[in-house]
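J.: Take a look at the following structure, please.
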Amino acid sequence: MAGNLQTMGKGVTPSQQSRAINVFASRKIAWVGETLYHRAFIMELKEELLLETKEFRHANSALEVLLREEYPLIIVRDVLASGDLKILPENVERDDYPGIACYVIQRIRAKDSANKDTPIIVPHVNSEYYTPVKAYVDAGATSCLNMMASNPLRAFISEVRKYIK
């Protein structure tokens, strides 16, 4: 049996192995600002679209990875805590959670970022912060999705389908 397994492995070229790994890796999306509320959305992505997620709770942990590792899609929550992020622009305070989300989007769009061209979806709740959708789009978000819609889970899955092949 072991001989058969070895023989089967010899027929796979390094290029084929690389493509297989890339196909699997491309099914993993990044979720920045994951919360308990978003758990249902993450589970639906896994079940319906067979996507895996890399979840980041704060800006600092997200930027450490997203500036150097490419993802096929990034979800950024409309309000985001900085975590241990040391540097923020002068116009963004530590408790300006929508401003931190916009800053993360801007950094992801930077020329030196591995995800400068990656689609970014912002599930927008229009919470007590009342940040206009335009702020996220101006920062570089591909789309903002109104999570106050009648069926936000269906709307979210439909939006993700646009970007994941």
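The values are calculated or read from the model by the stated rules, or taken from the named source; none is laboratory data. Please read all numbers here as calculations on a predicted model, not as lab measurements. For neighbour counting, all protein chains shown are included, and Cβ atoms are generated from backbone atoms with ideal geometry for every residue, glycine included.
J.: Where residues in segment 58-76 are closer than 18 Å to CYS102 by Cβ and part of a loop (DSSP other than H, G, I, E, B), which of them is modelled with the highest pLDDT?
T.: By that ranking, first place goes to LEU67.
J.: If I ask for residues that are part of a helix (DSSP H, G or I) and either touching a residue at least 24 places away in the same chain (Cβ under 8 Å) or not β-branched (Val, Ile, Thr) (or both), which ones from segment 26-57 would you list?
T.: ARG39, ALA40, PHE41, MET43, GLU44, LEU45, LYS46, GLU47, GLU48
J.: Turning to a different aspect of this structure: For segment 8-40, name all the residues that are at pLDDT 80 or above and farther than 17 Å from THR118 by Cα.
T.: Once the filter is applied, which keeps residues that are at pLDDT 80 or above and farther than 17 Å from THR118 by Cα, segment 8-40 yields only GLY33.
J.: Report, ordered by the first and then the second residue, all pairs with beta carbons closer than 9 Å, sequence separation of six or more or different chains, a first member in segment 131-146 that is farther than 21 Å from ASP95 by Cβ, and a second member that is part of a helix (DSSP H, G or I) and of a type in the set (D, E, K, R).
T.: SER143/GLU159; CYS144/LYS134; LEU145/GLU159
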